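First up is the structure itself, then whatever we jot down about it.
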Amino acid sequence: LYRVETDGGAAEVRIPGDGESRAPAWSRDGKSLYFSSNRNGKRWQIFRQLLGKAAAEQITDGGGLAAQESSDGQWLYFVRPDRKGLWQRSTTAGGDDQFLAGELSPIDWKNMEVSRDAVWFVGRPAGDATLYRYVFAKGRVEPGPILVGLRSEEHTSELQSHHDFVCRLLLEKK
């Protein structure tokens with residue numbers, strides 16, 4: 001993972017280490033960066049790099065990809081690379097991963113967004129991409145509309161939320 005200042009300059013390696021790294025996400029307080037890496041073997045795990053520290057801390061043991069913090073910074077939501085599901089764990093050391101919902105597929109790891117009240121994600125239960133949300137206050141998944149034309153093999157998409165709405169960014173391969 002690299003960092004480049006917005007006013008230009010050279011690219012700086014921000015997360016050194018063996019293996020590949022992907023899916024970076026800032027913590028809510030901006031003091032650390034979560035990322036996924038296969039640096040400790042073949043399985044993808046989630047790591048946290050505190051700014052100013054030399055070594056990254058491994059957060060998951062059972063696999064993890066595309067972590068995002070809750071708005072209060074207490075919870076981490078993620079997908080696993082080898083099985084369906086939305087997972088949660090505390091951002092503090094220790095603790096177990098908790099399975100929340102089964103509709104999120106690893107192929108849609110970019111199609112997840114944590115908002116103030118819910119985790120929004122894309123699921124494909126019958127082949128059609130459907131927008132879902134795991135509502136924190138209710139502790140359950142609610143289905144939303146079918147996302148017409150979202151085919152994972154032809155598009156790169158990403159969910160983004162802002163207050164009361166969610167949008168899907170779509171990049172088409174040419």
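Is there a residue in segment 22-33 that is crowded, with 20+ Cβ neighbours inside 10 Å, in contact with an Asp or Glu (Cβ under 7 Å, 6 or more places away or on another chain) and modelled with pLDDT of 90 or more? Scanning segment 22-33 turns up no residue that is crowded, with 20+ Cβ neighbours inside 10 Å, in contact with an Asp or Glu (Cβ under 7 Å, 6 or more places away or on another chain) and modelled with pLDDT of 90 or more.
Among the residues of segment 74-97, how many are surrounded by 13 or more Cβ atoms within 10 Å (Cβ to Cβ) and farther than 15 Å from I46 by Cα? Show your work before the answer.
Taking segment 74-97 as the starting set, the residues that turn out to be surrounded by 13 or more Cβ atoms within 10 Å (Cβ to Cβ) are 75-81, 83-91, 97.
Then keep just the ones that are farther than 15 Å from I46 by Cα; that gives 83-85.
Summing the residues that are surrounded by 13 or more Cβ atoms within 10 Å (Cβ to Cβ) and farther than 15 Å from I46 by Cα in segment 74-97 gives 3.
Evaluation of R89 against the conditions (1) in contact with a Pro (Cβ under 8 Å, 6 or more places away or on another chain); (2) within 13 Å of G64 (Cβ to Cβ) shows that the sole unmet condition is (1). Among the residues of segment 105-133, which ones are more than 20 Å from E69 (Cβ to Cβ) and part of a loop (DSSP other than H, G, I, E, B)? Once the filter is applied, which keeps residues that are more than 20 Å from E69 (Cβ to Cβ) and part of a loop (DSSP other than H, G, I, E, B), segment 105-133 yields S105, R124, P125, A126, G127, D128, A129.
May I ask you to verify whether S37 is in contact with a Leu (Cβ under 6 Å, 6 or more places away or on another chain) and open to solvent by less than 20 Å² (accessible area, probe 1.4 Å)? Steps first, please.
Numbers: in contact with a Leu (Cβ under 6 Å, 6 or more places away or on another chain): no; open to solvent by less than 20 Å² (accessible area, probe 1.4 Å): yes.
So S37 fails the test.
Hey, any hits in segment 59-70 for a residue that's farther than 21 Å from L104 by Cβ, surrounded by 14 or more Cβ atoms within 10 Å (Cβ to Cβ) and at pLDDT 90 or above? For segment 59-70, residues farther than 21 Å from L104 by Cβ, surrounded by 14 or more Cβ atoms within 10 Å (Cβ to Cβ) and at pLDDT 90 or above: absent. Restricting attention to segment 134-164, the residues being modelled with pLDDT under 90, assigned to a strand (DSSP E or B) and either touching a strand residue (DSSP E or B) at 6+ places or on another chain (Cβ under 7 Å) or among the acidic types (D, E) (or both) number 11.
The values are calculated or read from the model by the stated rules, or taken from the named source; none is laboratory data. Remember, predicted model here, so these are calculated numbers, not experimental data. For neighbour counting, all protein chains shown are included, and Cβ atoms are generated from backbone atoms with ideal geometry for every residue, glycine included. What goes into the accessible areas is simple: the full protein's heavy atoms, side chains included, and nothing from ligands, DNA or RNA. Shrake-Rupley method; radii C 1.70, N 1.55, O 1.52, S 1.80 Å.
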